[in-house]
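Beneath this line is the structure, given in structure tokens, with notes to follow.
The values are calculated or read from the model by the stated rules, or taken from the named source; none is laboratory data. Quick caveat, the model's predicted, so the values are computed rather than measured. When we count neighbours, we look across all protein chains shown, and the Cβ atoms used for this are built from the backbone with ideal geometry, even at glycine. Ligands, DNA and RNA are stripped out before the accessible areas are found, and what is left, the full protein with its side chains, is counted by its heavy atoms. Shrake-Rupley method; radii C 1.70, N 1.55, O 1.52, S 1.80 Å.
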Amino acid sequence: MLTKFESKSNRVKGLAFHSHRPWILTSLHNGVIQLWDYRMGTLLERFDEHDGPVRGVDFHKVQPLLVSGGDDYRIKVWDYKLRRCLFTLLGHLDYIRTVNFHNEYPWVVSASDDQTIRIWNWQSRSCVSVLTGHNHYVMCASFHPRDDLIVSASLDQTVRVWDITGLRKKTVRGAPTAIGAHMSPSSMHEVGVGSNTSASSVVSRVNADLFGGNDAVVKYVLEGHDRGVNWASFHPTLPLVISGADDRQVKLWRMNETKAWEVDTMRGHSNNVSCVVFHPKHELIVSNSEDRSIRVWDISKRLGVQTFRRENDRFWILAAHPQQNLLAAGHDSGMIVFKLERERPAFESHADKLFYVKDRFLRIHEFSTGRDLPTLSLRRAGNTQAGLCGGHRSLEYNVFNPSEHNLLLFSDQDGGTFELLAFSDDIAPSSQGESSDLKRGLAVSVVFLSRNRFAILDKNRQVSFAHFIKK
């Protein structure tokens with residue numbers, strides 16, 4: 001784990017990344033919402049109008065808006081430029097667990113302990129649909145990034161996928177407009193909202209609010225967890241759903257047009273699974289739990305590939321950045337923004353050449369000609385699980401030896417390892433050599449001292465010296 005930012009606060013129950021600014025929202029158990037710049041490490045704003053814990057928070061993709069839902073049964077929509085709450089949406093009868101903006105339509109979906117999911121229009125400030133069917137607390141609900149679908153998870157031990165095509169056809173006309181659109185009836189994008197609202201539409205809306213309409217229907221009910229399900233989320237591009245539950249299991253589900261089924265179960269957490277998401281850039285699943293751990297799973301192999309632990313803090317929430325290779329996790333005493341790996345490759349430049357590691361090869365880029373060729377195959381590629389590099393951290397070139405190329409490749413594997421690479425300029429690209437057996441070992445750091453000598457700092461902070469002669 002490469003930690004990019006860490007905050008200390010009350011228990012974090014909700015997280016949301018901004019789509020293009022280096023901002024992250026945290027909603028806290030003490031009722032405060034914090035807006036952080038994780039690149040600068042500064043607190044930009046505090047929003048403090050909820051009465052009780054705030055469990056859900058989200059940024060709008062385009063507009064300067066954020067939405068929050070809390071234990072006061074209220075959903076609040078805020079303008080972060082004006083730094084104030086614009087309005088409050090009332091209708092839920094119990095704690096609100098999550099809130100989520102739609103990527104395109106002027107909608108917010110909310111999940112509540114009153115066993116319902118509600119879809120709201122933030123332009124008309126009204127509830128447009130109530131989804132009923134769960135018979136216990138609804139722990140989360142979110143829109144599909146592209147399709148007219150919603151996924152929800154409940155303590156009734158089920159995950160439900162809802163089809164909202166009917167609602168879209170009934171209510172949405174064209175693309176959504178800015179927040180001021182609700183002020184003008186001519187610019188409304190919802191049927192039944194504005195000056196021409198008839199008495200019958202009011203009655204139908206009240207009935208839908210009380211009993212649920214048929215604009216959103218259950219498409220699939222995913223059953224398989226033995227205890228309450230705390231989280232479910234869609235894959236951004238594939239027809240997959242991931243879920244995590246109090247049975248300590250993470251389940252992967254696949255959907256098609258007619259059915260949905262369980263693909264596999266991943267076991268390893270020793271307490272309730274709080275949240276689970278798909279990695280935005282790699283074919284990985286990331287889950288966290290009240291067992292104080294974050295686990296990373298390979299989708300294709302369905303095996304755990306990494307585990308990160310905290311000593312005292314239970315994890316409650318995860319968020320993935322929509323564009324960047326960033327994740328965030330909320331726990332009992334704050335939150336962390338992190339990457340699973342270093343994205344910058346190990347590299348070193350000398351004279352007209354740039355030496356760097358990519359895809360298990362040492363490559364050479366010539367600045368003068370622009371040629372970029374693989375030169376050596378690296379046998380010790382380290383952890384090659386999907387999306388995870390081998391931890392190659394640094395590369396050092398031996399400037400004391402002009403007759404051939406000597407490099408020391410340092411890796412994070414096994415707590416710190418090094419490998420000496422030696423080759424001449426006459427290696428042809430078509431006959432890529434393999435790294436030689438000159439020298440490998442464990443070390444905290446290594447450095448060249450002369451033409452054929454380098455120093456090794458071991459884990460006990462003892463320095464030793466090594467000689468090498470290329471055969």
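Tabulated values for the structure
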| item | result |
| --- | --- |
| Among (1) at pLDDT 95 or above; (2) open to solvent by 20 Å² or more (accessible area, probe 1.4 Å), the one test that Gly56 misses | (2) |
| Filter result for Trp297 (in contact (Cβ under 8 Å) with a residue 60 or more places away in the chain and of a type in the set (Phe, Trp, Tyr)) | no |
| Only one of Pro345, Pro322 that is under 30 Å from Pro402 (Cα atoms) and in contact (Cβ under 8 Å) with a residue 12 or more places away in the chain | Pro345 |
| Tally of residues being touching a residue at least 60 places away in the same chain (Cβ under 8 Å) and surrounded by fewer than 21 Cβ atoms within 10 Å (Cβ to Cβ) across region 306-319 | 2 |
| Evaluation of Leu303 against (1) under 30 Å from Glu404 (Cβ atoms); (2) open to solvent by 50 Å² or more (accessible area, probe 1.4 Å) (one fails), failing number | (1) |
| Pick from region 45-73, criterion touching a Phe, Trp or Tyr at 6+ places or on another chain (Cβ under 7 Å) and of a type in the set (Asp, Glu), ranking: farthest from Val108 (Cα to Cα) | Glu45 |
| Region 1-14 residues that are under 18 Å from Asn312 (Cα atoms), paired with ones that are open to solvent by 50 Å² or more (accessible area, probe 1.4 Å) (beta carbon under 6 Å, 6 or more apart) | Asn10/His29; Asn10/Asn30; Arg11/His29; Lys13/His29 |
| Residue in region 86-115 that is farthest from the chain's Cα centre (by Cα), counting only those that are farther than 22 Å from Leu25 by Cα and open to solvent by less than 20 Å² (accessible area, probe 1.4 Å) | His92 |
| Test: Leu362 is closer than 26 Å to Arg97 by Cα, in contact (Cβ under 8 Å) with a residue 12 or more places away in the chain and not β-branched (Val, Ile, Thr) | no |
| Per-region count, region 17-33, residues among the hydroxyl-bearing types (Ser, Thr, Tyr) and within 13 Å of Val337 (Cα to Cα) | 1 |
| Only one of His50, His18, His92 that is in contact with a strand residue (DSSP E or B) (Cβ under 9 Å, 6 or more places away or on another chain) and under 30 Å from Thr307 (Cβ atoms) | His18 |
| In region 353-386, residue least open to solvent (accessible area, probe 1.4 Å) [restricted to those that are modelled with pLDDT of 85 or more and acidic (Asp, Glu)] | Glu366 |
